[in-house]
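Read the structure below first, then the notes.
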Amino acid sequence: MKRLIAIFFFCAPTLLAQTNSGELRLKVTDPAGLAVKTTLKIACQANGYRNTLATTDQGTLTVQRLPYGLYQLEIKQPGFADSSAAVEIHSQLPTEYTVQLNLPSVQQSVTVTAPNTLIDPDQAGAVSQIGSQDIQNRLSSIPGRSLQDLVNSQPGWLYEGNAVLHPRGSEYQTQFVVDGIPFTDNRSPSFGPAIDADDVQSLSIYTAGIPAEYGRKMGGVVEVNTLQDSQPGLHGQLALSGGSFDTAGASVQGQYAWGKNTFGASASGSMTSHYLNPVVPENFSNTGTLGDFSVNYERDLSSKDRLRFIVRHELSRYDIPNELVQQTNGQIQTADNIETMGIASYQHTFSSNALADFRTMVRDNNIGFNSNPDSTPIEVFQQNFFREAYFKGSGTVTRGRNEWKLGFESDNIFLNENFRYHITDPTQFDPQTPPNFSFIANRPDLEQSMFVQDQIRFKNLTINIGLRWDHYQLILNRNAADPRFAISRYFPSADLVLHFSYDRVFQTPSFENILLSSSPQAEAIDPSPGNVQRLVEPSEGDYYEAGLTKAFGGKVKLDANYFRRLVANYADDDQIQNTTISFPIAFQKAVIYGTEAKLELSDWRRFSGFLSYSYTVGQAWWPVTGGLFLGDDAAGLLTSGHFPDSQDQRNTVRGRLRYQVKPRFWIAGGVQFDSGLPFDFQCDPTKTPQQCIQGQVQIYGQQVIDRINFARGRIYPAFQVNASAGADIYKSDRINTRVQIDGQNLNNVLNVIDFGGLFSGNAIGPPRSVAVRLTTSF
């Protein structure tokens, strides 16, 4: 009688060297205790983790970056009976486990009784997980957006123009943690090169219950794992893609492991004629070219010591989309971004109860922007550069029900700004606006922090308690101590988790062009200098969330949350015309609240999918500080009152349903509904409202204006339909070749995302499009 080996884990979201991740060190032997080389399957229903891994000749396997909980593992080895066992991981410290295979003649069966694996009983906040299967079957993306599109598919997140992510109403407060290193600068396509989703193994996304080890950018935290599980021999993937808008791309990644060494490399390149969100439907001047490569090397110096190095280089070059008048005038504006970084990490295990981890990163980032003499109404030039040196050290100690983690980090960013402009059409600006302006400056941004946190598990109760201290020194010198608290209670009989969290946050301002926006020179551009204070204070706020997770029949999971955010010095940005050059600003305060719900179906009668809904209300209060307001823009700034913040989209719906027609063929369909963002439109008091609207028609065209509700101050709702199909066209033990075709915005709605106003430019989503992706894994 066959014996089924199934290791079940309650699956929390996969984390990378962070609060809730651990490591499994597995050994497989025969009845005599001799090593067995075999292949095993590991799966987790809650986070979509599925992998097939092989042990070494010595029968060993190390699986890193596993979350706390209970997984499912299967071993079917010729000459032995299938077996079952249960392993539980609830510590960052490595867990060692041995599986002893039995001979077929041995009649043995082990039954593992585990609560529904759709539920994570330890989840104390809103954490979304995107596993390798969801990444593999994702909708195709315009180059530079595949990672952002995955995040934007989650409830509570939405786009403004150029794929700038906004979590729960926050502007420019998204932090990406890539392979354990935090990036607090804007990672949207118009600001920096993006990591391609084909390089990503998993994502974990926080919007509440955020561990104390995270700080500085706290609207949302996105953990990105690009490292593959180490497997003997050569493994990798090749992906080719193409489609509408002259889009084409290719990416390749490979990993080779031998002994205690693992070497990996990846490279990708892509191009498109629809890189940024155009400002008019004609999609003038919008080409983009991207490329990146990375290498990584890991060595287990001993069973207690691990060393890893990563080098990554990325670049993007693109045009800035024109308005109708700008295209007629012959405007050409281009931008580029080049980034090179090196990362090193070292981990030492002192004992079964103590571990230390150290990480460091150095990177250079160059941002350029150029305009030709035909640019109107302004020629803008920028050559900014920064060098960053980051270091973090942390230690983890487990004792009984407690897992303590404490650490420190130091981030030193050396900013260099070089900006100038020349006004080519003075009629578009206040007479007092200087026709020419230039600014050059450099200054270090020095930030340090310390944190301590404790995760306590007592039966079905989980408590996370943390305290973080931050110090920020750039133009201003500020520090803050922020407590964090999250609690969850699991009810096994009802397959239900109730949770509550409180996060005190300290968020540093965006450093893009902060030296200029904070300078006395910027006051010369403002005809009313007293209206705008130049220095942008860090944001401080209180985040609250309460919610539940409920499983139905072992196949359906419901997540529902209510959140409320109270923020002082609410961060935002303003930009010059429809360029990608922005300047940090802050409003006096903001109040943001809302609800989110997500219903997930997991492999029921060949069906799987999700449906999510978000309701968000946000209000911001004048006055504003910082920014660079040219001419009469400054006169339009108010000193009191409040208004809907620019991410105040009341209703957002995302949905996707997949059907597995045959074992090697599937189809899927999806919907997207956006009720429309607010916009700020100021009419010249010397003109009638109709005259002002007609002036906008000359800039953006009648099609765009027909999508604008000037009476309500909101963009009209947009509903889009998408469809996909995929097939495994070749499959063997070593090679799997898949093809996927996606059609998006099939109903071809004109999706106006942003309408040009004081704080944002115009942005229009892509029309109907088709894309094909061919992937070979080996």
Original post:
What do you reckon, how do His235, His422 stack up by accessible area (1.4 Å probe), largest on top?
Top reply: His422, His235
**OP:** Identify, among Phe429, Gln533, Ile463, the residue whose Cα sits farthest towards the positive end of the charge dipole of segment 414-533, taking +1 on the Cβ of Lys and Arg and -1 on the Cβ of Asp and Glu, with the dipole about the Cα centre.
**Re:** Ile463
**OP:** Return the aspartates and glutamates within reach of Lys76: Cα separation strictly under 20 angstrom, same-chain partners fewer than 8 residues apart disregarded; answer none if there are no such residues.
**Re:** Asp30, Asp57, Asp733
**OP:** Quote the charge dipole size of segment 225-305 about the Cα centre in Debye, to the nearest 20; the model charges only the Cβ of Lys and Arg (+1) and of Asp and Glu (-1).
**Re:** 240
Original post:
Given the Cα-Cα distance of Thr595 and Phe350 and 0.36 nm per residue of separation, how much length would full extension add, in nm?
Top reply: 83.8 nm
Original post:
Once phi is turned into θ = phi - 60°, what whole-Hz ³J(HN,Hα) does the Karplus curve with 6.51, -1.76 and 1.60 give for every residue of segment 262-273, x standing for Gly and Pro?
Top reply: 9, 10, x, 8, 8, 8, 8, x, 7, 8, 6, 9
**OP:** Mind running the shape call on segment 392-525? Use the C-alpha gyration tensor, a ≥ b ≥ c as the square roots of the eigenvalues: rounded below 1.5 for a/c, prolate if a/b tops b/c, oblate otherwise.
**Re:** prolate
**OP:** With label points built 7 Å along Cα→Cβ from the Cα atoms of Ala54 and Asp30, find their separation and express it in nm.
**Re:** 1.9
Original post:
At a 1.4 Å probe, what is the % contribution of carbon and sulfur to the accessible area of segment 247-342?
Top reply: 63
Original post:
Taking the Cα centre of each part, how many Å lie between segment 128-172 and segment 292-340?
Top reply: 18
Original post:
Residue farthest toward the positive end of the dipole of the chain, with Cβ of Lys/Arg at +1 and Asp/Glu at -1: which of Leu139, Ile735, Ala668?
Top reply: Ile735
Subject >> Where labels lie 7 Å past Cα in the beta-carbon direction, separation of Thr39 and Leu234 in nm >> reply: 1.9
Original post:
What angle do you read, to the nearest 10 degrees and between 0 and 90, between the alpha-carbon axis of helix 689-700 and the longest principal axis of the chain?
Top reply: 60
Original post:
Using +1 on the beta carbon of Lys and Arg, -1 on that of Asp and Glu, and nothing else charged, what's the dipole of the chain about the Cα centre, debye to 20?
Top reply: 3200
**OP:** Could you order Thr462, Thr398, Thr52 by accessible surface area, starting with the largest, using a probe radius of 1.4 Å?
**Re:** Thr52, Thr398, Thr462
Original post:
Where a Cα-Cα gap under 21 Å defines reach, which lysines qualify for Lys662, not counting those fewer than 8 residues away within the same chain?
Top reply: Lys555, Lys731
Subject >> Dipole axis of the chain (+1 Lys, Arg; -1 Asp, Glu on Cβ), positive-most option in Asn513, Cys44, Ala354 >> reply: Cys44
**OP:** Determine which lysines satisfy two conditions relative to Lys550: a Cα distance under 24 Å, and not lying fewer than 8 residues away in the same chain.
**Re:** Lys459, Lys598
**OP:** Could you go through segment 364-376 in sequence order and give the Karplus-derived ³J(HN,Hα) for each residue, using 6.51 cos²θ - 1.76 cosθ + 1.60 with θ = phi - 60°, rounded to whole Hz, and x for Gly and Pro?
**Re:** 10, 9, 10, 10, x, 8, 9, 10, 8, x, 8, 5, 9
**OP:** At a 1.4 Å probe radius, which order do Phe350, Phe755 fall into by accessible area, largest first?
**Re:** Phe350, Phe755
Original post:
Roughly how much of Cys683 is accessible, in Å² to the nearest 10, using a 1.4 Å probe?
Top reply: 50
Subject >> Distance violations [Cα-Cα > 25 Å] among Lys405/Lys589; Lys304/Lys392; Lys304/Lys405; Lys217/Lys589; Lys217/Lys557 >> reply: Lys405/Lys589; Lys217/Lys557
Original post:
So what is the calculated 222 nm ellipticity per residue for the chain, using -39500 (n - 2.57) for each DSSP H run with n of 4 or more, over all residues, to the nearest 500 deg cm²/dmol?
Top reply: -1500 deg cm²/dmol
Subject >> Shape metrics for the chain, restricted to C-alpha atoms - Rg then Dmax, Å >> reply: 26.5, 94
Original post:
Hey, what did the chain get for relative contact order, percent, Cα under 8 Å, at least 6 apart?
Top reply: 10
Original post:
Under unit Cβ charges (Lys, Arg +1; Asp, Glu -1), what dipole magnitude, rounded to 20 debye, does segment 404-561 have relative to its Cα centre?
Top reply: 960
**OP:** Determine ³J(HN,Hα), in whole Hz, for all residues of segment 347-362 in sequence, where each value follows from phi through the Karplus function 6.51 cos²θ - 1.76 cosθ + 1.60 and θ = phi - 60°; x replaces Gly and Pro.
**Re:** 10, 10, 9, 6, 7, 5, 10, 8, 8, 10, 9, 10, 9, 9, 8, 10
**OP:** Kindly report the accessible area of segment 639-703 per residue (heavy atoms of protein chains, probe 1.4 Å, no ligands, DNA or RNA), in Å².
**Re:** 54
Original post:
Label-point separation (nm) for Phe381 and Thr334, each offset 7 Å from Cα along Cα-to-Cβ?
Top reply: 1.5
**OP:** Using a 10 Å Cβ count of at most 13 others and DSSP loop calls, identify the longest part of the chain lacking such trypsin sites (Lys or Arg not before Pro).
**Re:** 3-259
Original post:
When ranked by the protection proxy of mean other Cβ atoms within 10 Å per residue, highest first, what sequence do the peptides 424-433, 221-230 form?
Top reply: 221-230, 424-433
Original post:
Roughly how much of His499 is accessible, in Å² to the nearest 10, using a 1.4 Å probe?
Top reply: 10
**OP:** Determine the gain in length on full extension of the stretch Leu307-Gln694; use 0.36 nm per residue of separation and subtract their C-alpha separation, reporting nm with one decimal.
**Re:** 133.0 nm
**OP:** Roll a 1.4 angstrom probe over the protein heavy atoms and tell me the percent of accessible area of segment 704-769 that is carbon or sulfur.
**Re:** 54
Original post:
On full extension of the chain, what length is gained from Leu566 through Asn412, given 0.36 nm per residue of separation minus the C-alpha to C-alpha distance?
Top reply: 52.6 nm
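The values are calculated or read from the model by the stated rules, or taken from the named source; none is laboratory data. Worth saying up front: this structure is predicted, and the values here are computed from it rather than measured. Ideal geometry is used to build each Cβ from the backbone, glycine not excepted, and the neighbour counts take in all protein chains shown. Side chains are part of the model used for accessible areas, which takes the heavy atoms of the whole protein and leaves out ligands, DNA and RNA. Shrake-Rupley method; radii C 1.70, N 1.55, O 1.52, S 1.80 Å.
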